[in-house]
Amino acid sequence: MSSRVPLPYSPKVLELFRDPKNLGKIKDANAQAMAGSLACGDMIAIYLKINDKTKVIEEASFESYGCAANIAASSVMTEMIKGKNLKKAWDVTWEQISNELGGLPVVKYHCGVLAVGALRRAIRTYFKEKKIPDWMPRELTSDEKHALEEEKLTEVLSKKVEKSRKK
Ligand code: FES
């Protein structure tokens with residue numbers, strides 16, 4: 001019998017975990033990105049279909065290889081950003097996502113951070129070959145750094161594991 005105590009997920013998290021919205025790829029997405037977390041080994045991919053003229057997000061979807069909070073956070077985030085222009089979508093925070101979900105357990109805050117990190121990375125990807133708008137910070141934001149640091153660490157660790165296997 002497991003001695004693990006179930007996490008106090010809100011009804012909304014459980015509902016979206018069981019029936020997530022906007023799950024899957026968008027075939028003609030014009031921006032997409034992934035982010036991963038070493039803390040748990042989870043990954044998230046975000047797909048956006050952006051109107052090139054108005055810069056409004058017409059479609060948003062995700063794929064998650066992660067926990068219930070990761071799935072619920074990604075699902076609610078895609079709902080929150082649909083119909084928003086890129087500036088407004090950029091300004092969505094993990095705290096707002098958590099509020100929309102009726103709160104996340106403290107140990108699951110990083111699941112929301114990861115979703116925002118992936119979203120901002122996707123928006124940066126969209127502007128890769130375009131003029132970067134004034135509202136977009138040139139420096140990485142803390143959510144993006146968080147995703148990046150964890151990924152770098154994962155890379156270092158996997159190289160170490162590979163090295164030790166070859167010995
Ligand atoms: Fe890792 Fe949720 S525990 S994203």
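Taken together, the values in this text are just the output of simple stated rules run on the coordinates, not laboratory data. Keep in mind it's a predicted model, so treat the numbers as computed, not measured. Cβ placement follows ideal geometry from the backbone for every residue including glycine, while neighbour counts extend to all protein chains displayed.
Numbers below:
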item	result
Exposure proxy order (Cβ contacts within 10 Å, fewest to most) of ILE46, ILE97	ILE97, ILE46
Phi to ³J(HN,Hα) by Karplus 6.51 cos²θ - 1.76 cosθ + 1.60 over segment 136-144, Hz, x for Gly, Pro	8, x, 6, 7, 5, 7, 4, 5, 5
Cα convex hull volume per residue for segment 6-63 (Å³)	112 Å³
TYR109, TYR126 arranged by Cβ crowding within 10 Å, fewest neighbours leading	TYR109, TYR126
Ordering of 13-23, 130-140 by burial proxy (mean other Cβ atoms within 10 Å per residue, highest first)	13-23, 130-140
Projected-area average for segment 1-100 over all orientations - Cα convex hull basis, square nanometres	7.4 nm²
From phi via Karplus (6.51, -1.76, 1.60), per-residue ³J(HN,Hα) for segment 97-108 in Hz, x at Gly/Pro	4, 4, 4, 4, 8, x, x, 10, x, 3, 5, 10
Ranked list, fewest to most other Cβ atoms within 10 Å of each Cβ, for ASP42, ASP91	ASP91, ASP42
Neighbour net charge for GLY102 - beta-carbon separation under 12 angstrom, K R +1, D E -1	-1
Segment 76-123: mean projected area of Cα convex hull, nm²	3.0 nm²
